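The values are calculated or read from the model by the stated rules, or taken from the named source; none is laboratory data. What you are looking at is a predicted structure, and each value in this text was computed from that prediction instead of being measured. Quick reminder, even Gly has a Cβ in these numbers, built from the backbone with ideal geometry, and neighbours come from all protein chains shown. Accessible surface areas use protein heavy atoms only, side chains included; no ligands, DNA or RNA. Shrake-Rupley method; radii C 1.70, N 1.55, O 1.52, S 1.80 Å.
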Amino acid sequence: MSTKDALALLAGAIIVVSLVGTARTPPATAASPLGNTGGTLPGLAPIISDADKAEARALIRRLRTRGLGPNAGYERTRYGENWADTAPGVPYAGNGCRTRDDLLARDGRNVKYRAGSRCEVVSLTLEDPYTGRIIRWRKNRADEVQVDHVVPLNYGWRMGARRWPMSKRLDFANDPLNLLPVYGAANEEKDAAGPSGWLPPQRRVRCAYVTRFAQVAVKYGVPVTPADKRAMLAQCR
């Protein structure tokens, strides 16, 4: 090999090494709710195609309707310990980690844990599905990222959960299908509203959001108000 060829080869190797060394870790790919019926895949990808929207509408049409029931007797403790790891029938339960940490690890990028812990998330980068903003979160700003119950616990209570056994309420509160880490301010704005009262500010994920709402409602037998059902169908036209 000539000196000229050797130098060209060396230059090429340096370029390759440089590219490898500066490559960014690819982001977690958000999943469509239609392909994420167990809730263990990250994020909330938009539903775009006509065929997928038709599938979403078919799911929403399965929902029973009724008026919103009374709020009497509702407390967060009716659903068990906050972020309990003891729910009897959902993914991640019994793995030794709090549900909130499981969800942060599922949806976050560049996730870092407290030294010596395999569970406690202390920082991450999150693309908020509700607003589209990129959040570089640290635990000392805990409320900046909150884990939303897609079907709110209070909504479930008013739609019949007060008559469920505790084991079912514990599953409902800790089921990853019903949980999304999101921008805290958006979660607080939503509060306990159904889809006729609140939808994600980011319009392109609204059909996916109501589809996820419908998946949870169907799984747990939660009816929705007639107004909520109409609003849900309207998002997936």
Using the Cα centre as the reference, give the magnitude of the dipole from point charges on the C-beta atoms of region 161-237 (Lys, Arg: +1; Asp, Glu: -1; all else neutral), rounded to the nearest 20 debye.
320 debye
Can you give the accessible area of LYS229, probe radius 1.4 Å, in Å² rounded to 10?
40 Å²
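About its Cα centre, how strong a charge dipole does region 94-217 have in debye, to the nearest 20, once Lys and Arg get +1 and Asp and Glu get -1 at the Cβ? Before the final figure, lay out each step's value.
Values: 22 positive and 14 negative charges, 23 e Å.
Its charge dipole is roughly 120 debye.
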Along the positive direction of the dipole of the chain (beta-carbon charges: Lys, Arg +1; Asp, Glu -1; about the Cα centre), which of PRO42, ALA185, TRP198 reaches farthest?
TRP198
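In percent, what relative contact order does region 178-237 have, based on Cα pairs under 8 Å that are 6 or more apart in sequence?
Details: 34 pairs, mean separation 24.1, N = 60.
Here the relative contact order equals 40 percent.
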Measuring from the longest principal axis of the C-alpha atoms of the chain, the long axis of helix 50-61 (C-alpha) lies at a number of degrees, nearest 10, equal to 30 degrees
Which residue, VAL122, VAL145, VAL205, has the most motion in a Gaussian network model of the chain that connects Cα atoms within less than 10 Å?
VAL122
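Given the rule -39500 (n - 2.57) for each run of at least 4 DSSP H residues, summed and divided by the residues of the chain, what is its mean residue ellipticity at 222 nm, to the nearest 500 deg cm²/dmol?
Working: 8 runs with 88 residues, N = 237.
Per the formula, -11000 deg cm²/dmol.
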Scan (i) 17.3; (ii) 11.2; (iii) 11.8 for the value of mean projected area of the Cα convex hull in nm² calculated from this model and give just the label.
(i)
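Can you tell me the relative contact order of the chain? Whole percent, Cα pairs under 8 Å, sequence separation 6 or more.
On the way: 372 pairs, mean separation 64.1, N = 237.
About 27 percent, as a whole number.
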Compare THR40, THR77, THR29 in a GNM of the chain, Cα atoms joined below 10 Å, and give the one with the largest fluctuation.
THR77
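Hey, got the dipole for the chain? About the Cα centre, +1 on K and R Cβ, -1 on D and E Cβ, debye to the nearest 20? Display every interim value, and only then the final one.
Details: 36 positive and 22 negative charges, 121 e Å.
In total the dipole reaches around 580 debye.
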Roughly how many Å² is the accessible area per residue of region 91-201, as a whole number, for a 1.4 Å probe?
41 Å²
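Using a 1.4 Å probe over the heavy atoms of the protein chains, calculate the carbon and sulfur portion of the accessible area of the chain as a whole percent. Don't skip to the end; give the middle numbers.
On the way: 6280 of 11860 Å².
Carbon with sulfur: 53 percent of the solvent-accessible area.
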Across ARG109, ARG76, ARG138, the residue with the highest GNM fluctuation in the chain (Cα network, 10 Å cutoff) is ARG76
Rounded to the nearest 10 degrees, what's the angle between the helix 206-220 long axis and the longest principal axis of the chain, both from Cα atoms, 0 to 90?
60 degrees
